[in-house]
Amino acid sequence: MAAAPSLSEQYSLPKDEKPVESKPAEEAVVETTTEVVSEKTEEAPAAAVEESNEAPAPAVESSEAPVVESSESPVVESSEAPVDDAQTSNEDAAPAAEESSEAPEQEESGSEEAEEIKLETAPADFRFPTTNQTRHCFTRYIEYHRCTAAKGEDAPECDKFAKFYRSLCPGEWIDRWNEQRENGTFPGPL
Amino acid sequence: MKIQMIVREWLFFTIAPCDAAEPWQLGFQDAATPMMQGIIDLHHDIFFFLILILVFVSWILVRALWHFHYKKNPIPQRIVHGTTIEIIRTIFPSIILMFIAIPSFALLYSMDEVVVDPAITIKAIGHQWYRTYEYSDYNSSDEQSLTFDSYMIPEDDPELGQSRLLEVDNRVVVPAKTHIRIIVTSADVLHSWAVPSSGVKCDAVPGRLNQTSILVQREGVYYGQCSEICGTNHAFMPIVVEAVSRKDYGSRVSNQLIPQTGEA
């Protein structure tokens, strides 16, 4: 706390708040939040805890702090189960630390919300690694329609292609292509 | 009190919205993404060499002017060739160039590399003279469910605290700390989608989809302007990105989605 954080520290993401990359990680989080009791606990630095009684932001990861002995200091426990970070930072030798019942609520809601609105989109495709994504959109559109042509309309395995091309293509383009398909003037291999 | 504020403002040159352009701004806006941080760092790296070279060259120049003044030293030395100094002054600058080029290329290639799968895709479509944003990740049919136009607040209209010629009626809401893919395109002429604090400037070309990815690291409101001459109102189609927490983004999107899908 004494030294001002360097720029890289200031801008780096906290460990347990990993940027969303794909879906599976979040689904795992939802499952593990139920067995949060057995998860690792982490202490805030003793000085900080005594000064301010409210729980510090969950971003502060200070697992190297010594075990706090004072019983009245609220021990902060991170309720967000870091699924894959658990192994990396499990040097917390604090089995004796009691867990406060009021775990910070706001971290969990991220995963709850994610169930409502799935943060999910077309993945990065290594056929199209450049800035120009025009063909990416076009290819996904064709893939969807070839898929439905092969497996039948509303085949469940084609849904992902539909999601992809809807994510990538401007609505105007999709409308135009749909029209062209109806007229039989679509310029792609369907 | 007021004067004190103004003096302070002028002393430090920058105040208040660090994520928008401001009068007499000299430096960068505060970085909101790792890319912008990289750009700022590269700028500082290069300026180290730049200042060094500047001082060295002006020192040589002044020294030469001083010592070879026509009154003081009418007959200069007649050296036309010196192998050692020629080798030094060829090799040394190329080493400096290398020191500039390496971080520069590293940044350049990391900027258009899309390494991770993004979590959301936002389409920014330029029009004369407004922007349309499409959030289509949540669509279940070809019907657009979350699409809106973003117009500038007219000059005679802004409320107190809004930035003149920068504020829009519908901001782009993005989640912070999330990988976002932005697909930039245009429906009519060239536009450009640029937000300085995110380190993004992506041309919008009709018929082509340009992709750029950002990772906004702090919540805030970021301002940008069209950066490609696109007609009369080129100056009046700003960009406002509002980064909110992921939770707030979720509720925002579902609030906007539900009424629209309900009526459909």
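Keeping all protein chains in place, calculate the accessible area per residue for chain B (probe 1.4 angstrom), answer in Å². List each step's numbers first, then the result.
Numbers: 15470 Å² over 264 residues.
Ligands and nucleic acids excluded, the figure is 59 Å² per residue.
Which value, in square angstrom to the nearest 100, describes the accessible area buried between chains A and B on both sides, using a 1.4 angstrom probe? Mind dumping the intermediate values first?
Details: alone 12940 and 17270 Å², together 26510 Å².
Summing both chains' loss of accessible area gives about 3700 Å².
If you roll a 1.4 Å probe over region B:102-216 with all protein chains in place, what percent of the accessible area is carbon or sulfur? If you can, show how the numbers build up before the last one.
Working: 2380 of 4600 Å².
Of the solvent-accessible surface of region B:102-216, carbon and sulfur hold 52 percent.
Just how much of A:GLU179 is accessible, in Å², when a 1.4 Å probe is used and the result is rounded to the nearest 10?
A:GLU179 exposes around 110 Å² with every protein chain in place.
So if I restrict to the alpha-carbon atoms in region B:25-76, what is the Rg, and what is Dmax, the biggest pairwise distance, in Å?
Expressed in Å, the Cα Rg and Dmax of region B:25-76 come to 19.4, 59.
When you look at the Cβ of every residue in B:133-145, what mean number of other chain Cβ atoms sits within 10 Å? List each step's numbers first, then the result.
Details: counts 0, 6, 2, 11, 10, 8, 6, 4, 2, 9, 4, 6, 2.
So the per-residue partner count for this stretch is 5.
Normalised by the residues of chain B, what does the relative contact order come to in percent, with Cα pairs under 8 Å and at least six apart? Spell out each step's value before the answer.
Working: 423 pairs, mean separation 51.8, N = 264.
Across chain B, relative contact order equals 20 percent.
Given B:TYR70, B:ILE214, B:ALA31, which one lies farthest toward the positive end of the charge dipole of chain B, if we put +1 on the Cβ of every Lys and Arg and -1 on the Cβ of every Asp and Glu?
The one lying farthest along the dipole's positive direction is B:TYR70.
Could you check how much of the accessible area of region A:113-173 is carbon and sulfur, as a whole percent, using a 1.4 Å probe? Working shown, then result.
Values: 1500 of 2960 Å².
The value for region A:113-173 is 51 percent carbon and sulfur by accessible area.
The values are calculated or read from the model by the stated rules, or taken from the named source; none is laboratory data. Predicted, not measured: the structure shown is a model, and the values here were computed from it. Every residue, glycine as well, gets a Cβ built from its backbone with ideal geometry; the counts of neighbours run over all protein chains shown. The protein model used for the area step is the full one, side chains on, heavy atoms only, and it has no ligands, DNA or RNA in it. Shrake-Rupley method; radii C 1.70, N 1.55, O 1.52, S 1.80 Å.
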